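Please read the structure below before turning to the comments.
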Amino acid sequence: MYTKLASAFLVLTSIVFIAFVYQQKFKKPDIIHIHAGFLVYKDNIQVDFSKLEYMSTIPCFTDKKDGLTDENVQQEKAHLHDGIGNVVHVHISGARWGDLFANLNYPINYENATGFINQRKIINFQNKTIEPYETLVVLIGKKKDEGLKQEKIEKGYIVKVENSSEPCGL
Ligand SMILES: [Zn+2]
Ligand SMILES: [Zn+2]
């Protein structure tokens with residue numbers, strides 16, 4: 001009796017577990033559209049991300065959920081548009097700051113980087129979810145003037161960028 005019950009229980013939990021794994025694997029990511037500001041200083045000199053090489057050229061998938069592949073899910077997490085190098089566009093919920101620098105092909109040695117979000121020093125800022133209208137300031141290189149944490153991408157400017165963004169306008 002007990003053995004039967006036990007095996008029935010085992011079968012049931014296995015089914016639930018497999019269903020859960022299956023659902024996680026094939027779950028479509030949540031599509032959002034938020035913006036935040038960022039500045040990177042190498043030896044106290046601002047890195048220019050407004051160059052063409054840092055711009056996203058693939059069309060946005062803001063309302064084309066079915067067109068998402070694993071590769072463009074990563075790209076859609078965080079990228080730049082319109083030659084603007086200090087406002088990140090986020091289209092996938094839960095995107096982290098590290099996703100931005102990975103997608104920009106701009107490797108940062110996080111061990112030797114200092115990050116501030118809204119003027120507050122954040123340990124492992126690369127793992128933090130990008131929140132709307134916040135500003136990330138990253139200091140890299142040998143010289144790091146922590147006073148640069150005061151630099152801010154104003155919300156009004158970010159709103160302007162999001163309203164005028166052609167490829168992924170709301
Ligand atoms: Zn976009
Ligand atoms: Zn956008």
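The values are calculated or read from the model by the stated rules, or taken from the named source; none is laboratory data. What you are looking at is a predicted structure, and each value in this text was computed from that prediction instead of being measured. Neighbour counts are summed over all protein chains in view; Cβ atoms, including those assigned to glycine, are modelled from backbone coordinates with ideal geometry.
Looking only at residues in the range 113-144 that are of a type in the set (A, V, I, L, M, F, W, C) and assigned to a loop (DSSP other than H, G, I, E, B), the one that is surrounded by the most Cβ atoms within 10 Å (Cβ to Cβ) is 130.
Restricting attention to the range 145-157, the residues being out of contact with any strand residue (DSSP E or B) (no Cβ under 6 Å at 6 or more places or on another chain) and either surrounded by 11 or more Cβ atoms within 10 Å (Cβ to Cβ) or under 18 Å from residue 79 (Cα atoms) (or both) number 4.
Total residues in the range 77-87 satisfying the condition of being without any contact (Cβ under 8 Å) to a residue 40 or more places away in the chain and either within 12 Å of ligand 2 (Cβ to nearest atom) or buried (at least 23 other Cβ atoms within 10 Å of the Cβ) (or both): the figure is 3.
List every residue pair whose Cβ atoms sit under 9 Å apart, with the two residues 6 or more apart in sequence or on different chains, where the first one lies in the range 88-101 and is closer than 20 Å to residue 48 by Cα and the second, anywhere, is hydroxyl-bearing (Ser, Thr, Tyr) and within 14 Å of ligand 1 (Cβ to nearest atom). Correct list of pairs: 89/56; 89/165. Being assigned to a loop (DSSP other than H, G, I, E, B), out of contact with any Gly (no Cβ under 6 Å at 6 or more places or on another chain) and closer than 19 Å to residue 47 by Cα is a property that residue 149 lacks. Any residue in the range 137-157 that is touching a helix residue (DSSP H, G or I) at 6+ places or on another chain (Cβ under 6 Å), at pLDDT 95 or above and either aromatic (Phe, Trp, Tyr) or more than 16 Å from ligand 1 (Cβ to nearest atom) (or both)? Yes, because at least one residue in the range 137-157 is touching a helix residue (DSSP H, G or I) at 6+ places or on another chain (Cβ under 6 Å), at pLDDT 95 or above and either aromatic (Phe, Trp, Tyr) or more than 16 Å from ligand 1 (Cβ to nearest atom) (or both). Which residues, taken from the range 91-112, are crowded, with 18+ Cβ neighbours inside 10 Å and not in a helix (DSSP H, G or I)? Correct list: 91, 92, 95, 96, 104, 108.
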